1. Looking at this model, which pairs from Lys4/Lys92; Lys216/Lys285; Lys96/Lys234; Lys81/Lys216; Lys234/Lys285; Lys216/Lys308 are more than 25 angstrom apart at the alpha-carbon?
2. Remind me, relative contact order of region 35-82 in percent, using alpha carbon pairs under 8 angstrom and six or more residues apart?
3. Check each of the GluC sites (Glu not before Pro) in region 51-121 and keep only those in coil by DSSP with at most 12 other C-beta atoms within 10 angstrom; list them in order.
4. Leaving out ligands, DNA and RNA but keeping every protein chain, what accessible area does Lys308 have, in Å² rounded to the nearest 10, with a 1.4 Å probe?
5. Given axes a ≥ b ≥ c from the Cα gyration tensor, I'd like to know whether region 74-169 is rounded (a/c under 1.5), prolate (a/b larger than b/c) or oblate.
6. Under 1.5 on a/c is rounded, so check that first for region 182-320, then, if it is not, pick prolate when a/b is larger than b/c and oblate when it is not; a ≥ b ≥ c are the square roots of the alpha carbon gyration tensor eigenvalues.
7. Normalised by the residues of the chain, what does the relative contact order come to in percent, with Cα pairs under 8 Å and at least six apart?
8. Compute the relative contact order of region 186-320 as a whole-number percentage, counting only Cα pairs closer than 8 Å that sit 6 or more residues apart in sequence.
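The values are calculated or read from the model by the stated rules, or taken from the named source; none is laboratory data. Just so you know, these numbers come straight off a predicted model, no measurement behind them. So basically every Cβ, Gly included, is an ideal-geometry build from the backbone, and we count neighbours across all protein chains shown. Remember, those area values only see protein heavy atoms, side chains included, never the ligands or the DNA or RNA. Shrake-Rupley method; radii C 1.70, N 1.55, O 1.52, S 1.80 Å.
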Amino acid sequence: MRYKKLGNTDLNVSTVGLGTWALAGSVAGSDSWGVMDDRVSEDTIRHALERGINLIDTSPSYGIGHGEEVVGRAVMGQRHKAVIVTKCGTFKKDGKIYRDLRPEAIRGQLEGSLTRLGTEYTDLYLIHWPDPSTPLSDTLGELCRLKEEGKIRYIGVSNFSRELLDEARTMADIVCIQPQFSLLARESEGLIQYAHSLDMGVLTYGSLGAGILSGKYDKLPDFGVGDARNRFYKTFFSEPMFSRSMELVNVLRDIAGEHGRPVSQVAINWVAQQPWVTSAIVGAKNEGQIEENAMAGEWMLSENELEKIRSAYADIMEIN
């Protein structure tokens, strides 16, 4: 596994991280990635640590807190091996998504997260999504107080625009950003480069485009009601993006075949090898998927292969 220093912190994180949204399983009232057995989820996280994946990304919004409980049980007795990332400000209730970054709400959210995670601190605490109803100065003021109390080691932001990031940086030491970024989701590339120029860390989520870049689909899938892919990643699983994605996956498949590797590792390495990216966060549901993801950190795409992917993307997505 390769490791990188997270911005200007003392955290060295694996270039392939583990996203735990799917491991929260199917919880009433929350988005779902299908039914999960908690024992399988916990073993998946433990295997990630065994394979050198030390960045574990979670949120109280994953399974309405259940995801954090799973992470907490999995890292028990080996907390020192994990760089735990969790978040504040987002929750789902009665089928609706709410944002709440009021200081009193944040404090309660963090206390709940630490209890579920079974830890006295989180290595990195992210604002999950902006809350237009709360002044950013109020939010960051409380986060700085929680950091001073030792409950947060570092503060970061997720899903922020460049303008909001600049505003946040005047109020607190923001050490990293977390945008969606993959071969299919490139809108944040400018922001990622900007953050890197400021010596900030970059943790990307959606690195496999909810699995569409893994090579496991050959026709448009029909996900069940309540499946997160029907909402958050709907564009990827709709035409014409799905057919274009399959064309791109065929290019990745050719490269993967030359290395004797699965397609997913090519897609992961494309993200992880971008010079501005610190860690590509990838979801997994079992130890086998962890094994595949971790092995991406053991080899690299050549410059010629990166150029082949760049050229194919431009042609398929009709970029002039």
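1. Where the Cα-Cα span goes over 25 Å, the pairs concerned are Lys4/Lys92; Lys81/Lys216.
2. With pairs under 8 Å counted, the relative contact order is 43 percent.
3. Glu120
4. Result for Lys308: roughly 90 Å² accessible.
5. prolate
6. It comes out rounded by the Cα gyration axes.
7. Answer for the chain is 20 percent.
8. RCO, region 186-320: 30 percent.
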